[in-house]
Each structure stands twice: as structure tokens, then as C-alpha cells.
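Asks: Dumping the structure here so I can ask a few things about it.
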Amino acid sequence: MQYNHIAIEGNIGSGKTTLATMLAADYHVGLILEKFAENPFLPKFYKDPKKHAFPLELFFMAERYHQLKKNKEQDLFKPQKISDYFFIKSKLFAQNNLKDDEKQLFNRFFDIIFSSLIHPDLVVYLYSNIERLQQNIIKRGRPFEQNISDDYLQSIQDNYLDYLRKQDNYPVLILDVTKVDFVEELDVYESIKQAINIKYSQGVHHKTL
């Protein structure tokens, strides 16, 4: 693997965890998976977003931070790793879900924490249109996700793409997976592996699969 740390990102239902798991197994590198199921506020958030958004995002940010810091201490034993998230997602989801006063407080904590973390060497963003995302969400069958609106998914997508296009601190590879299945289609998966083994310059790069 050409990079020490690859972060797989994308919208809800884009296949982040699946791809990260497959790649880590193939390359025999460390795997960091977000423990979303441990967030007690997640089901509550989908029922009443305004009431539970702030504790939801604080919990996620704290868990991601502790996980990444713990993994950093273990780098000596397995320095290369793939994660199914990039810490910046805490800020992007907060931007989407929080009220202005909550957002200001959240961002203060975020900026302190983010400055202490090492950024990934490559961010891979799995792009999929909203229709395909909804199909994937229905297919995996998590009860609390079944009523996610198209507007919510579109808003999350817009936040991600806007941020990634404006930053120039690290390379970003956007893979369009709307019309493919990298689990079932071996040639697509191999194409992804080839794509992530190219050394990219800082900024955004695109590949249609």
C-alpha cells in the first residue's frame, strides 16, 4: 500500500465500512472502524433531531478522538492503516445538524481536538447519487435509518463535497460508485485498488468506475 493512512469517506450508505474492511484484509494493514452502534443518541436523533443532535455529535466526536489517539499509540506495531471515516466528518455533520449557538460551541471543541490529530495521507470519498444511497440503506436494514429523507442525504453530500473541493492540505480521490458493486464485481474492486496505489498531489482527483 502506497500510503500509511487511507481514510474511506462518503455519505450514509455509500459502502465505507465494507470497502475499508476489504482493503485492510487484502493489504494486511490495521483497520479502524467507527463504532456508531455504541452511540446511545443515534436512534433518538432520528426520532427527534432537534432535541438530540448536540449530544449525538459530541458523543461521536469524543469516540472518534479516543479511537484515533489509541490507534496512534499502537502505530509502532502496525503503522499502516485504513479507516472508514476521517475525523473532519464530525464538523461536517455538526454543520448540518446543529443550531447556530450549538455549532459555535461544538466548533471550539473540534478545533482543539483536530489540531492534535495526524491527518490521513489519502482521503477516498465514495460518491453515490441519493437514489442509490437509499437503496443501500434499505438493503442493510437498520431500523433507525429507514426514514432518512432524500433532503438530509443531499445536504450531507453537499457539505462533504464543498469541504473537500475547498481544502488543499491532502489528496482526495473521489470514486463514483453509483452504478457499480465493488463487492460483487471483482474488476471494479481491482480498479479501486489500482486507483488508491497512485501517488496523488494535494487537492481533489476524480475517477469513474
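The values are calculated or read from the model by the stated rules, or taken from the named source; none is laboratory data. The structure displayed is predicted, hence computed values, not measured ones. A quick note on method: Cβ atoms are made from the backbone with ideal geometry, for glycine too, and the neighbour counts reach across all protein chains shown. Protein only, heavy atoms only, side chains kept; ligands, DNA and RNA dropped before computing areas. Shrake-Rupley method; radii C 1.70, N 1.55, O 1.52, S 1.80 Å.
Asks: Could you report the chain's accessible area per residue, 1.4 Å probe, as an integer in Å²? Could the numbers behind the result be given before it?
Replies: On the way: 10930 Å² over 209 residues.
Here the per-residue accessible area is 52 Å².
Asks: Using the Karplus curve 6.51 cos²θ - 1.76 cosθ + 1.60 with θ = phi - 60°, work out ³J(HN,Hα) for each residue of segment 135-144 in order, rounded to whole Hz, and write x for Gly and Pro.
Replies: Rounded to whole hertz, the list is 4, 5, 5, 5, 5, 7, x, 6, x, 6.
Asks: Could you work out which residue, out of V124, V172, V180, moves most in a Gaussian network model of the chain, that is, has the largest mean-square fluctuation with Cα springs under 10 Å?
Replies: Highest fluctuation of the listed residues: V180.
Asks: Counting only protein heavy atoms and using a 1.4 Å probe, what share of the accessible area of the chain belongs to carbon plus sulfur, as a whole percent? Please list the in-between numbers first.
Replies: Details: 5610 of 10930 Å².
Ligands and nucleic acids excluded, carbon and sulfur reach 51 percent.
Asks: Moving on to the next point. Please give me, ordered by residue number, the trypsin sites (Lys or Arg not before Pro) of segment 136-209 that lie in loop per DSSP and have at most 11 other Cβ atoms within 10 Å.
Replies: Working: sites: K139, R140, R165, K166, K179, K193, K199, K207; in loops: K179, K199.
Filter output for segment 136-209: K179, K199.
Asks: I need the shape label for the chain. Rule: rounded when a/c is under 1.5, else prolate if a/b > b/c, else oblate, with a, b, c from the alpha carbon gyration tensor.
Replies: Details: a/c = 1.56, a/b = 1.20, b/c = 1.31.
Oblate shape, in that a/c is at least 1.5 and b/c is the bigger or equal ratio.
Asks: Could I ask something else about it? Can you give the FRET efficiency to the nearest 0.05 for N169 and T21, using r as the Cβ-Cβ distance and R₀ = 30 Å?
Replies: Working: r = 26 Å, r/R0 = 0.88.
The calculated FRET efficiency here is 0.70.
Asks: Which links in K16/K139; K70/K179; K44/K103 stretch past 27 Å when you go from one Cα to the other?
Replies: Working: K16/K139 15 Å; K70/K179 37 Å; K44/K103 19 Å.
In this structure, K70/K179 lie more than 27 Å apart at Cα.
Asks: Hey, another quick one. Starting from the Cα-Cα distance between K99 and L33, subtract it from 0.36 nm times their residue separation and give me the gain in nm to one decimal.
Replies: Details: separation 66, 0.36 × 66 = 23.76 nm, distance 2.82 nm.
Here the segment from K99 to L33 would lengthen by 20.9 nm.
Asks: I need the trypsin sites (Lys or Arg not before Pro) found in segment 27-96, filtered to DSSP loop residues with at most 12 other beta carbons within 10 Å of theirs.
Replies: In loop regions of segment 27-96 (DSSP not H, G, I, E or B), the sparsely surrounded trypsin sites (Lys or Arg not before Pro) are K35.
Asks: Quick one: order Y27, Y160 from most to least accessible surface, probe 1.4 Å. Could the numbers behind the result be given before it?
Replies: On the way: Y27 50, Y160 5 Å².
Putting Y27, Y160 in descending order of accessible area: Y27, Y160.
Asks: For segment 168-199, list residues with backbone N below 17 Å from a point placed 7 Å from the Cα of L161 toward its Cβ?
Replies: Residues 172-180 qualify, since their backbone N sits under 17 Å from the label point.
Asks: Could you go through segment 34-44 in sequence order and give the Karplus-derived ³J(HN,Hα) for each residue, using 6.51 cos²θ - 1.76 cosθ + 1.60 with θ = phi - 60°, rounded to whole Hz, and x for Gly and Pro?
Replies: Once θ is set to phi - 60°, the couplings for segment 34-44 become 5, 9, 5, 5, 7, 7, x, 8, 5, x, 5 Hz.
Asks: How do D187, D162, D84, D181 stack up against each other in accessible area, from largest to smallest, with a 1.4 angstrom probe?
Replies: On the way: D187 115, D162 70, D84 5, D181 45 Å².
Sorted by accessible area, descending: D187, D162, D181, D84.
Asks: Can you list residues from other chains, or at least 5 along the same chain, whose modelled amide H is less than 5 Å from the amide H of L31?
Replies: For L31, whose amide H was placed from the backbone, the distant partners under 5 Å are I82.
Asks: Whole-Hz Karplus ³J(HN,Hα) for segment 196-209, in order, using 6.51 cos²θ - 1.76 cosθ + 1.60 and θ = phi - 60°, x for Gly and Pro?
Replies: Computed from phi, the couplings for segment 196-209 are 7, 9, 9, 7, 9, 7, 4, x, 9, 10, 10, 8, 9, 9 Hz.
Asks: With each run of n ≥ 4 DSSP H residues scored as -39500 (n - 2.57), what mean residue ellipticity at 222 nm is computed for the chain after dividing by its residue count and rounding to the nearest 500 deg cm²/dmol?
Replies: Numbers: 8 runs with 106 residues, N = 209.
So the helix-based figure for the chain works out to -16000 deg cm²/dmol.
Asks: Not counting the cut sites, what is the longest span of the chain without GluC sites (Glu not before Pro) that DSSP labels loop and that have at most 15 other Cβ atoms within 10 Å?
Replies: Details: sites that count: E184, E185.
After excluding every exposed loop site, the longest remaining stretch is 1-183.
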